[in-house]
Structures are given as structure tokens and as C-alpha cells.
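> I have a structure I would like to understand better, so I am pasting it below and will then ask my questions one at a time.
The values are calculated or read from the model by the stated rules, or taken from the named source; none is laboratory data. These numbers come from a predicted model, not from an experiment. Backbone-built Cβ (ideal geometry, glycine too); neighbour counts: all protein chains shown. These area figures cover heavy atoms from the full protein model, side chains too; ligands, DNA and RNA do not enter into them. Shrake-Rupley method; radii C 1.70, N 1.55, O 1.52, S 1.80 Å.
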Amino acid sequence: MKTFDVNNIQLKIQSPGMSIPASLEDYLIRHIEKLGKTFSRIKKCEMLLRKLNKKHDRNCMIEAKLFIPGTMLFAKDEEESFELAAKQMFDDLRDQLQRSKERLQEKNTGKEEISEPK
């Protein structure tokens, strides 16, 4: 397991039984930095990279947990390379962060929609 501090986000990367190339590590760190710029309240990210024993092409699995105050976000993807899987996973996390950010802004501005009874 490797641990990094990326713009005050504690990043842990686990890859049981395999080593991660420096280029992939850099790729993951750059994407965490981008997420941190999108949403500054991310405290921690835990990633797991694994080669799956599957006979089809999608044997590279990556999953991530993002910890923000009050909640944890989770995304997972399987592709033919870790870079492709990471791209899909980060897109999913970015969407989840955007929704969390919008909910937080609604809560802070008091503009939550109140549904009327039918």
C-alpha cells in the first residue's frame, strides 16, 4: 500500500500482488488533484487496483472510496487497462461529487424544494 498527500487529501493506493507503474500512479494522483479542485472538502481517498482472473478483456479492476464530511462516495470499474477503468471511475466520482456539492449548496442557501402533499 502506498500513501500520498495530494492537496490535503490523504490518498491510499492498494494493489495486492502487483506493482503499479509510476506512470499509472501519476495518472491517479493527477485525477485526485482535479477532483480536489472540484470539491475542496474531500478528506481521503482509498483505491484498490486488481488484476482479475477473467478470460475476457476487461480484467483490470479499480475501485475508489472518497470520504467527504458526512458521507462516503464509491465507484468501481473494470476495463482492459487500468487507465481506461480509472477514467470511467473518475467520471463517476466527479458526477457524484457534483451532486453532493449541489445538495450541500441547496442546504446552505435554504433553497431545498419542499414537495407538496398530493
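> Report, by residue number, each residue of segment 80-118 that is part of a loop (DSSP other than H, G, I, E, B) and either at pLDDT 95 or above or exposed (fewer than 13 other Cβ atoms within 10 Å of the Cβ) (or both). Don't jump to the end; show me each part of the working.
First pass over segment 80-118, keeping only residues part of a loop (DSSP other than H, G, I, E, B): 80-81, 110-118.
Passing the criteria: 80, 110, 111, 112, 113, 114, 115, 116, 117, 118.
> Restricting to segment 1-44, what's the tally of residues that are open to solvent by 80 Å² or more (accessible area, probe 1.4 Å), of a type outside the set (S, T, N, Q), part of a loop (DSSP other than H, G, I, E, B) and within 18 Å of residue 93 (Cα to Cα)?
Count: 2.
> Scanning for something aromatic (Phe, Trp, Tyr) and free of Cβ contacts under 8 Å to residues at least 60 places away in the same chain, does segment 31-45 turn up at least one residue?
No, the conditions are met nowhere in segment 31-45.
> Sort out which residues of segment 48-78 are open to solvent by less than 30 Å² (accessible area, probe 1.4 Å) and more than 19 Å from residue 17 (Cα to Cα), and write them in order of number.
66, 68, 73, 75 - these are the residues of segment 48-78 that are open to solvent by less than 30 Å² (accessible area, probe 1.4 Å) and more than 19 Å from residue 17 (Cα to Cα).
> Assess whether residue 77 counts as being at pLDDT 95 or above and part of a strand (DSSP E or B).
Values: at pLDDT 95 or above: yes; part of a strand (DSSP E or B): yes.
It is true that residue 77 is at pLDDT 95 or above and part of a strand (DSSP E or B).
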